[in-house]
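Any read-out appearing in this document is the output of simple, stated calculations on the displayed coordinates, not a laboratory observation. What you see is a predicted model, and the numbers here were worked out from it, not measured in a lab. Don't worry about glycine lacking a Cβ; one is built from the backbone with ideal geometry, like all the others, and counts go over all protein chains shown.
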Amino acid sequence: MKRILSGMQPTSQLHLGNYLGALKNWVNFQEDKEAERLYCVVDLHAITQPYEPETLAKATREIAAAYMAAGIDPKKSTIFVQSHVPQHSQLMWLLSTMAQMGKLERMTQFKDKAGKNAERAGLGLFAYPVLMAADILIYKATHVPVGEDQKQHLELARDLASTFNTRYGVDLFPQPEPVIAGPAPRVMSLRDGSKKMSKSDESDMSRINLIDDADTIAKKIKKAKTDPEALPDNLKALDGRPEALNLITLYAALADQSKESVLTQFAGKQFSEFKPAFIDLAVTRLSPITARMNELLSDPAQIDASLREGGEKARDIAAPVLQETMKIMGFMP
Ligand code: TYM
C-alpha cells in the first residue's frame, strides 16, 4: 500500500515556494484511493533555530489551517502535530545511533543554516535530518512529496532505512520515495533569481506569503527583479535569465499551464505587460486560500480538535512500528 507523508515547519508564514513546491502537490494525492495520507506540522523541527515560545502554538495552528485552506481535507488525510506523537522523537534516538556524523556534516541545509558558526550550532540543528527520517519511517511511509531542497534529506532517510534493515537483518522499513513533482519544485526569490524563496530571507519583498493581501501581492510583484529584455517565445531562450524564468514558472504553476504555453501567450511582451496579468492571476488564485485560512483561524478550537483527532490516528500507526523496531533491536519488552 502507498503511504504518503510530508510536513512543514511552523517557523513563520507559508510562502509561494511552500505552496507550489509541495502543498499544491499534496492536494493532487487527495483522491488517490490506493493511498493513505499523513501531513504533519513539524514543530519539533521548528525549535532547532531561535524561536519565540509565545508564538509556537499559534504558528502550528496557522500551518494546519494553511493545509486545510489549500485543500487538504482532514476527513481524507490525517493532519497532525509532530510533537503530539512522541514516537517520532523516540525513533529518532534509535536511528541516531546509525546516522554517520560525516553524512550529517555534508547536509547543505545544515551548512546554510549553521553559517560560519557551525561550532556553535545546536545538536538539534545538526540532527534535524535524523528526526526527519524518523518522521517518515515511523509510518513506514512510501512516498514523500517535497520541494527540491529536501532531496538530500530524503536520501539520508533512505540510507537510514536500509542501514537499519541490513544491520538487523530485517525488512522493516521500506525505501521512501521522494516525490518532487510540485508545479514549481524550486521557487526562487523575487529579488534574486539565484536564491531560493525562503522564510529566512531578511527581505519580505523576496517572497509572497499565503496570507499577503491583494495590495501586498501587487506591490511585491511590481518590485520583483526582472531584466530589460522582452519575453521570448521559447523556454530555451530563458537560459541565463533566472528572474524571468522564475516569474514564468510561477505564472504557469498558478495557472495550471505549461511554461511553454505561458510563453506563447506573452511572446514579445515586456514585463510591464506581463506583471499586471501575473498580479491578477496570483490574487485570484491565492485570495480564496487566504480567506479560507482566516475563516478557519477564527475558530481555533475547531482546528485544535481536528489536530487532536489526527494525532490519535497517527499514534495508532506509529506506536506498533516503534514497538516492532525496539523488539528487533533487542530491548526488554
Ligand atoms: P519547510 O517548512 O522548510 O518546507 C516545507 C516544504 O516546502 C518546500 N519548499 C520549497 N519548494 C519549492 N521552492 C522553494 N523555494 C521552497 N521552499 C520550501 C520544501 O521542500 C518542503 O517540502 N525539512 C522539511 C520539513 C519536514 C519534512 C519531514 C518533510 C520535516 N519532516 C518529513 C517531509 C517529510 C522542510 O524543509 O520544511
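With 20 Å as the limit on Cα-Cα distance, the pairs of Lys236/Lys269; Lys103/Lys196; Lys24/Lys199; Lys75/Lys151; Lys58/Lys140 that go past it are Lys103/Lys196; Lys75/Lys151; Lys58/Lys140.
Projecting the Cα positions of Asn165, Leu154, Leu131 onto the charge dipole of the chain (unit charges on Cβ atoms of Lys, Arg, Asp and Glu, taken about the Cα centre) puts Asn165 furthest along the positive direction. Placing +1 on the Cβ of every Lys and Arg and -1 on the Cβ of every Asp and Glu, with nothing else charged, gives the chain a dipole about its Cα centre of roughly 460 debye. Axis of helix 214-223 versus longest Cα principal axis of the chain: the two differ by about 70°, to the nearest ten degrees.
In the chain, the DSSP beta bridges split such that about 10 percent are antiparallel, to the nearest 5.
By the count of neighbouring beta-carbon atoms within 10 Å, fewest first, Asp215, Asp159, Asp43, Asp204 end up ordered Asp215, Asp204, Asp159, Asp43. Toward the positive end of the charge dipole of the chain, with +1 on the Cβ of Lys and Arg and -1 on the Cβ of Asp and Glu, the farthest Cα among Ala22, Gly193, Ile217 is that of Gly193.
In a reduced charge model with +1 at each Lys and Arg Cβ and -1 at each Asp and Glu Cβ, region 1-151 shows a dipole moment near 240 debye about its Cα centre.
Ordering Thr325, Gly311, Val262 by the projection of their Cα atoms onto the charge dipole of the chain, which places +1 on the Cβ of Lys and Arg and -1 on the Cβ of Asp and Glu, puts Thr325 at the extreme positive end. For the pair region 92-127 and region 270-323, the centres of their Cα atoms are 30 angstrom apart. Among His88, His15, sorting on how many other beta-carbon atoms sit within 10 Å of each Cβ, with the fewest leading, yields His15, His88.
Distance between the 7 Å Cα→Cβ label points at Ala237 and Asp32: 3.8 nm. Helix 242-255 and the longest principal axis of the C-alpha atoms of the chain enclose an angle of approximately 80°.
Across region 159-170, coupling constants 3J(HN,Hα) worked out from phi with the 6.51/-1.76/1.60 Karplus curve, θ = phi - 60°, read 4, 5, 4, 6, 4, 4, 4, 5, 4, 9, x, 10 Hz, and Gly and Pro carry x. In a simple Cβ point-charge model (Lys, Arg +1; Asp, Glu -1; nothing else charged), region 286-333 has a dipole of about 180 debye relative to its Cα centre. For the chain, the longest principal axis of the C-alpha atoms and the axis of helix 87-96 are separated by about 80°.
Subtracting the Cα-Cα distance of Gln109 and Asp192 from their residue separation scaled by 0.36 nm leaves 28.0 nm.
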